[in-house]
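Just below is one structure, and these are the notes that go with it.
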Amino acid sequence: MSIPQPCLICKAPNTTRSGAGTNTAEHHCPRCGRYLIQLHAETQLANAHPPFPPMHLLSGLCRNMWDLLGEKAIITVDVFKSWAEFDKIAKVAVPRDTDLVTKGEYIMKYIRRKSKTLADAVQFSPNELSVGFCANKNEFLFCLRYLAEKGWVEEDTSRGKQQPPNTFAYRLTPAGWWMLDKATAERTVSVAIVALNLDKDSDMVWTQGFAAALTSAGFTPVKTDYKEAAGKITDDILVELRRATCVVADLSGQNAGAYFQAAFAMGLGKPVFWTCESSEIAEKKLLVDTRQQVITPWARDKLPEFARRLAARIGATLG
């Protein structure tokens, strides 16, 4: 019989532990849900939390994989090494710390799952911090304030003193229910991200070349403009990359954003299709050795031909 103990990840009390095979244990935590952990990783967490990953993000991953997929995250010592290793075990999108949009979306989905009727209010306690990948109560309330200011949730103040201490209740508004339904409908569409950063004729290249190719291949094209983001990879860009089915990275003009976005997508296991203006390929202007990759060239005077070739390549790879 297992004895309740504090969770190794979030320190919540009343966590139970049981054997789950050779060198693996299963933990059932009221905050983190159910997860599997190898004994070496268990020992490391018991001695001291490693500097990576942030424990509230690991807790959120375990909880949401269990709640949403019914699957137990498998924690090994490799998870403590890098984002790439952490993302390998993640079967749901893990928001980074400043990704307010994704954290808010997880909280709204939780309210929807727990609501029996449209007007139901859902009670939150410290155990629900992991639902929104939040580090503490202040961050969770900050996310709820963002959702309330958007008009998607509202606090239920009717319970008054009947509500247990250190808890609060929120419900989805009509606009919140509509937003979740809209987001669900959008998720059914395959999205392709294009990292494109051109100075000349960019609208024509986009509409007649990239957008035409992706639409023909059955994708909704989304352009992430590195230049408009002032040379920064913003949280919005990272969110779009996590949601995308595939990425088209155009290297024309030594697009630094394309290199980063392609590497980020590859780390998530997403297909990446490389393109570049034909004159730059001929002049060997690419910064890195891409000889192991197939690059689809394009020219401004042959955009329809490029669109057909890119669509055919995507179709041959993804079906």
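The values are calculated or read from the model by the stated rules, or taken from the named source; none is laboratory data. Treat the numbers as computed from the prediction; the structure is a model and nothing was measured. Backbone-built Cβ (ideal geometry, glycine too); neighbour counts: all protein chains shown.
Here Arg145 meets each of (1) in a loop (DSSP other than H, G, I, E, B); (2) more than 27 Å from Gln261 (Cα to Cα) with one exception, condition (1). Residues in the range 83-113 that are over 20 Å from Gly151 (Cβ atoms) and charged (D, E, K, R): Glu85, Asp87, Lys88, Lys91, Arg96, Asp97, Asp99, Arg113. Looking only at residues of the range 120-142 that are touching a strand residue (DSSP E or B) at 6+ places or on another chain (Cβ under 6 Å) and not in a loop (DSSP other than H, G, I, E, B), we find that the one that is nearest to Lys11 (Cα to Cα) is Phe124. Looking at the structure I just gave you, is Ala212 in the same structural domain as Gln123 (by TED's automatic domain parsing), part of a helix (DSSP H, G or I), at pLDDT 80 or above and more than 22 Å from the chain's Cα centre (by Cα)? For Ala212, the condition - in the same structural domain as Gln123 (by TED's automatic domain parsing), part of a helix (DSSP H, G or I), at pLDDT 80 or above and more than 22 Å from the chain's Cα centre (by Cα) - is not met. Restricting the first member to the range 270-291 and to residues that are surrounded by fewer than 16 Cβ atoms within 10 Å (Cβ to Cβ), and the second to residues that are of a type in the set (A, V, I, L, M, F, W, C) and modelled with pLDDT of 80 or more, the beta-carbon pairs closer than 6 Å and six or more apart or on different chains are Pro271/Cys246.
Within the range 100-113, at least one residue is acidic (Asp, Glu), crowded, with 16+ Cβ neighbours inside 10 Å and in the same structural domain as Phe168 (by TED's automatic domain parsing). Selection within the range 155-185: residues that are crowded, with 16+ Cβ neighbours inside 10 Å and farther than 23 Å from Gly60 by Cβ. The member of this set that is modelled with the lowest pLDDT is Asp156. Residues of the range 11-33 that are among the β-branched types (Val, Ile, Thr) and surrounded by fewer than 17 Cβ atoms within 10 Å (Cβ to Cβ): Thr16, Thr22, Thr24. Filtering Asp97, Asp67 for residues that are in contact with a Leu (Cβ under 8 Å, 6 or more places away or on another chain), touching a residue at least 40 places away in the same chain (Cβ under 8 Å) and closer than 24 Å to Leu45 by Cβ leaves a single hit, Asp97. Restricting attention to the range 89-97, does a residue exist that is surrounded by fewer than 19 Cβ atoms within 10 Å (Cβ to Cβ) and either in contact with a Phe, Trp or Tyr (Cβ under 7 Å, 6 or more places away or on another chain) or at pLDDT 95 or above (or both)? Scanning the range 89-97 turns up no residue that is surrounded by fewer than 19 Cβ atoms within 10 Å (Cβ to Cβ) and either in contact with a Phe, Trp or Tyr (Cβ under 7 Å, 6 or more places away or on another chain) or at pLDDT 95 or above (or both). Taken as a whole, the range 138-150 holds no residue that is touching a helix residue (DSSP H, G or I) at 6+ places or on another chain (Cβ under 9 Å), exposed (fewer than 14 other Cβ atoms within 10 Å of the Cβ) and farther than 24 Å from Met55 by Cβ.
Examine the range 188-208 for a residue that is part of a helix (DSSP H, G or I), closer than 30 Å to Tyr110 by Cβ and at pLDDT below 80, and state whether such a residue exists. Within the range 188-208, not a single residue is part of a helix (DSSP H, G or I), closer than 30 Å to Tyr110 by Cβ and at pLDDT below 80. Scanning the range 39-55 for residues that are part of a loop (DSSP other than H, G, I, E, B) and surrounded by fewer than 17 Cβ atoms within 10 Å (Cβ to Cβ) yields Ala48, His49, Pro50, Pro51, Phe52, Pro54. If you check Leu58, Leu8, Leu36 for being surrounded by 13 or more Cβ atoms within 10 Å (Cβ to Cβ), in a helix (DSSP H, G or I) and not polar (S, T, N, Q), only one passes: Leu58.
Within the range 247-264, the set of residues being outside any helix (DSSP H, G or I), of a type in the set (Gly, Ala, Ser) and either closer than 23 Å to Ala217 by Cβ or outside the structural domain of Thr224 (by TED's automatic domain parsing) (or both) comprises Ala249, Ser252. May I ask you to verify whether Ser18 is under 21 Å from the mean Cα position of the chain (by Cα) and either among the polar types (S, T, N, Q) or part of a strand (DSSP E or B) (or both)? The answer is no for Ser18. The set of residues from the range 240-272 being over 14 Å from the mean Cα position of the chain (by Cα), closer than 12 Å to Ala195 by Cβ and at pLDDT below 85 comprises Gly253, Asn255, Ala256, Gly257.
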